[in-house]
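Scroll down for the structure; my scribbles are underneath it.
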Amino acid sequence: MERPYPIVDGDGHITETEQQVREYLPEPYRSRGASIRAGNNYWNINLNGTLGREARDAKTWLAALDEGGMEQAVLFPTSLGFTSSLIWEPDLHVAVCKAYNDFANEEFLKVSPLLWPVATLPMQDVDEAVKELRRTHEMGFVGAMLPSIGKHGLLGHRKFFPLYAEAQKLGIMLAVHSATQGIHHLGADDFERFIDVNTYCFPVGLFRQFVSMVFAGIPDMFPKLRVGWMEAGCGWVPYWLERMDEKWEIRGEMETPELKRKPSTAVKERPWYFHTEADEHMLSYFISVMGADKAFFASDFPHWDGDYPHNVDEMLERDDLDETAKRKVMGENAKEIYRLS
């Protein structure tokens, strides 16, 4: 399908199965009887199979690129990639992350130069996370995912500083990604329906980690670190930064000494980027506040709430964005963020 300029998906998904990843596990983990998928959702997410699709292999994803006229796609995990952050056993946690990355490398990255997986890191063991970041970078992965919730806790904690230093040195993007696994971490386990859980968890998971990382001074301590904020859109950012600015003006000197400037200035001046989707009405306002270089398009294919490939046309047809902004959001920014060839 012909497009006016290259379209790059900054956040698509592999819907890997436990069995696919288990095949890449070494023994004794491969043969263990228990599931390696922690915190299983029992929600009827796809409404009896009426919503969403599956994308478990490169062939499906290459067909999807053709269907929507996209040039390349950056691919995040779906099940094992997120639930690994909830695994209690430290050795299994590390093994599952490595197995997922080996699976994505063999079955996507090596299959096509158009498909770019991001790594899953064992965030409960920072030394191992640094090693895995190096290993997957050498493989050719274009980023690494930081789950917004999990046993690893708040991402502003200084225990993660060696990981940020390594990512900055390697020039690789770290993407904080929302999820609905581990909902107790966000106090969402009182909800009784998936619509409540999904609506609440995705933005609130990012709010929590954004506050932690910004007030910890990450933008100033690691000025070249590229950070992505995934799957809650970008409309929340001006509001949240305004709120954080207000508190920083009053308490920042005493309580956040590592953050030398108000949060909005720090985030604007650093390579921090935000996912957006075609129907996000707040995108034009976000651009007016943060600039057109800060947002990138995400198809969210093949998830239940995505609208691919129609969302590509919807974004191209928007009349509240000029062509320069569309070109940046639809492809140029993702290429810069992930350093795609």
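The values are calculated or read from the model by the stated rules, or taken from the named source; none is laboratory data. No experiment lies behind these values; they were computed from the predicted model shown. Neighbour counts are summed over all protein chains in view; Cβ atoms, including those assigned to glycine, are modelled from backbone coordinates with ideal geometry. These area figures cover heavy atoms from the full protein model, side chains too; ligands, DNA and RNA do not enter into them. Shrake-Rupley method; radii C 1.70, N 1.55, O 1.52, S 1.80 Å.
Quick notes on this one:
- Loop-located trypsin sites (Lys or Arg not before Pro) in segment 24-119 whose Cβ has at most 14 other Cβ within 10 Å (DSSP): 30, 32, 110
- Shape call, segment 32-120: gyration tensor on alpha carbons, a/c limit 1.5: oblate
- Taking packing as the residue-averaged number of other Cβ atoms within 10 angstrom, the listed peptides 168-175, 326-333 run from highest to lowest as 326-333, 168-175.
- The portion of the accessible surface of segment 1-138 made up by carbon and sulfur, rounded to a whole percent, is 52 (1.4 Å probe; DNA, RNA and ligands excluded).
- Shape of segment 26-182 from the C-alpha gyration tensor: oblate (a/c of 1.5 or more and a/b not above b/c, with a ≥ b ≥ c the square roots of its eigenvalues).
- Heavy-atom accessible surface of segment 257-319: percent carbon and sulfur, 1.4 Å: 47
- Cα-based reach from residue 224 at 12 Å (exclusive), listing aspartates and glutamates while leaving out same-chain residues under 8 positions away: 166, 269
- Working note: 222 nm ellipticity from helices only, DSSP H runs with n ≥ 4, each -39,500 (n - 2.57), summed and divided by the residues of the chain, gives -12000 deg cm²/dmol to the nearest 500.
- Exposed-site-free run, longest, the chain (rule: chymotrypsin sites (Phe, Trp or Tyr not before Pro); DSSP loop; at most 11 other C-beta within 10 Å): 89-341
- Calculated accessible area for segment 49-115 comes out at 38 Å² per residue, all protein chains present (probe 1.4 Å; ligands, DNA, RNA ignored).
- Computed over protein heavy atoms with a 1.4 Å probe, the carbon and sulfur contribution to the accessible area of segment 142-222 reaches 56%.
- Scanning the chain for long hydrophobic helices, with DSSP H runs required to stretch 18 angstrom or more by C-alpha along their axis and to average at least 0.5 on the Kyte-Doolittle scale, returns 194-215.
- Separation of alpha-carbon centers, segment 181-247 and segment 19-82, rounded to whole Å: 24
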